[in-house]
Amino acid sequence: MERRAAGSLGSLSEENFLRLAEAGVQSPEFTGLCAQLVAELRALCPLEEDVSPTSGPEDAETFQIELSGLLQELHCPYAALTTGDVTARLGSAHLCLQLLYFLSSELQAARLLSWKRPPSPRQGVGAGAARQELRLINQALGRPEPAPTCPIPQLLEDLKSKVAEALSALPAGHQEMAPLLRAPLTARGWEALEGIRQALCAEYECRKRMMITRFNVTLQSFHWSERAKAQGSALLAAVSPLRQAESVASGVTLARLLATRADASRIVSTSSGRCRHRTSCAINKVLMGGVPDRGGRPNEIEPPMPTWEKRREGGAGQQRGRRGKKKK
């Protein structure tokens with residue numbers, strides 16, 4: 001059983017909870033964990049009470065007094081944690097474990113409610129897109145979902161350490177993961193990168209329109225036969241969902257440009273062995289059988305030149321004379 005706590009805490013296991021509960025309220029590690037859980041909870045919920053971590057056993061009494069006010073504000077259902085002597089409410093490992101379970105479950109519930117909460121209208125489209133890219137990076141690295149209130153700089157540092165750990169596991173000389181853009185970007189560099197993105201979007205949108213036009217023309221050619229005219233409605237019903245799902249808009253973002261690898265700038269022939277091992281399939285090995293020779297070779301076609309004959313002597317004059325006699 002694992003409980004996911006604050007973004008800086010990572011994944012807390014059942015064994016870790018038991019170990020800290022055994023240490024009790026006299027342990028700074030136990031009070032530090034409680035303080036971190038409460039800090040994340042306060043970031044998600046409007047709480048007035050707060051608790052501070054202790055530096056030694058002498059601060060345990062102050063911690064329990066602060067904790068008493070917090071549990072009353074949270075309407076804690078455990079009577080053992082809210083009644084009786086304040087300094088004796090965490091006197092056993094069972095009560096300390098119950099406190100950890102209560103705080104972690106409250107934090108989980110607050111996170112679920114925050115995810116269901118509609119976004120604020122003040123948040124721009126760019127901020128939402130950036131958070132979506134960070135969420136995809138977390139999924140690719142196998143990390144848990146970050147809290148909505150987790151600071152972006154802290155999240156980036158966690159991602160940086162995770163990426164460095166993944167790169168260290170690669171074999172020596174592995175250069176496929178080298179980024180294409182390595183220099184730090186200034187304000188002018190970001191503007192140039194945005195210009196590149198807009199140019200790529202325009203290019204890809206033009207290509208998509210051309211492909212859609214070719215598809216429509218090919219589809220129209222099937223309607224020429226008599227059999228296809230009878231099945232026109234069925235063909236239109238089958239193709240309509242594909243047309244509606246296809247969008248001309250391009251999905252090139254700044255994040256994808258920054259994630260471009262160095263091998264993307266190399267122009268490799270599509271017939272080379274390096275590309276063919278990814279694109280080859282079983283249909284490439286199918287050979288066509290014998291087909292009738294339809295001809296059409298230029299070197300076998302006779303030129304359609306007329307054969308010229310010698311002009312007959314006096315032929316033209318006699319023909320003019322005959323025409324003149326008929327007129328008389």
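Scanning the range 240-267 for residues that are of a type in the set (S, T, N, Q) and part of a loop (DSSP other than H, G, I, E, B), which turns out surrounded by the fewest Cβ atoms within 10 Å (Cβ to Cβ)?
That would be S247.
Which residue out of V248, V252 is modelled with pLDDT of 85 or more and touching a helix residue (DSSP H, G or I) at 6+ places or on another chain (Cβ under 6 Å)?
Just a single option satisfies the conditions, and that option is V252.
Quick one: in the range 268-294, which of the residues that are outside any loop (DSSP other than H, G, I, E, B) and closer than 21 Å to L180 by Cβ is farthest from the chain's Cα centre (by Cα)?
The selected residue is R274.
Consider R19 against the criteria (1) within 28 Å of K162 (Cα to Cα); (2) at pLDDT below 85; (3) open to solvent by 20 Å² or more (accessible area, probe 1.4 Å): it satisfies all of them except one. Which criterion is unmet?
The one condition R19 does not meet is (2).
I'm checking my understanding of the structure. Among residues of the range 160-178 that are among the aliphatic types (A, V, I, L, M) and open to solvent by 70 Å² or more (accessible area, probe 1.4 Å), which one is modelled with the lowest pLDDT?
M177
Tell me which residues, restricted to the range 182-228, are under 24 Å from A249 (Cβ atoms) and among the aliphatic types (A, V, I, L, M).
Listed by number, the residues that qualify are A192, L193, I196, A199, L200, A202, M210, M211, I212, V217, L219.
Look at G69 and say whether it is within 27 Å of E145 (Cα to Cα), in a helix (DSSP H, G or I) and either touching a Ser or Thr at 6+ places or on another chain (Cβ under 8 Å) or modelled with pLDDT of 85 or more (or both).
Considered against the rule, which asks whether it is within 27 Å of E145 (Cα to Cα), in a helix (DSSP H, G or I) and either touching a Ser or Thr at 6+ places or on another chain (Cβ under 8 Å) or modelled with pLDDT of 85 or more (or both), G69 comes out as no.
Are any residues in the range 69-89 within 20 Å of E48 (Cα to Cα) and open to solvent by 60 Å² or more (accessible area, probe 1.4 Å), and if so, which ones? Full working, then the answer.
The initial filter retains those residues of the range 69-89 that are within 20 Å of E48 (Cα to Cα), namely 69-77, 81-82, 86.
Q72, H75, P77 - these are the residues of the range 69-89 that are within 20 Å of E48 (Cα to Cα) and open to solvent by 60 Å² or more (accessible area, probe 1.4 Å).
Based on this model, can you work out whether L235 counts as surrounded by 11 or more Cβ atoms within 10 Å (Cβ to Cβ) and either within 30 Å of C201 (Cβ to Cβ) or not assigned by the TED database to the domain that holds I196 (or both)?
The answer is no for L235.
Which residues, counting only those in the range 203-223, are over 17 Å from A238 (Cα atoms) and open to solvent by less than 60 Å² (accessible area, probe 1.4 Å)? Quick ask: steps written out before the conclusion?
Within the range 203-223, the first condition is being over 17 Å from A238 (Cα atoms), and the residues that meet it are 203-211, 213-214.
Listed by number, the list holds a single entry, E205.
In the range 295-310, is there at least one residue being open to solvent by less than 80 Å² (accessible area, probe 1.4 Å), within 27 Å of the chain's Cα centre (by Cα) and without any contact (Cβ under 8 Å) to a residue 12 or more places away in the chain?
no
Report, by residue number, each residue of the range 22-56 that is of a type outside the set (S, T, N, Q), open to solvent by 20 Å² or more (accessible area, probe 1.4 Å) and in a loop (DSSP other than H, G, I, E, B).
C45, P46, L47, E48, E49, D50, P53, listed by residue number.
The values are calculated or read from the model by the stated rules, or taken from the named source; none is laboratory data. Note that the structure is a prediction, hence the values are computed from the model and not measured. We place every Cβ from the backbone using ideal geometry, glycine too, and count neighbours over all the protein chains shown. In case anyone asks, the SASA skips ligands and DNA or RNA and just uses the protein heavy atoms, side chains included. Shrake-Rupley method; radii C 1.70, N 1.55, O 1.52, S 1.80 Å.
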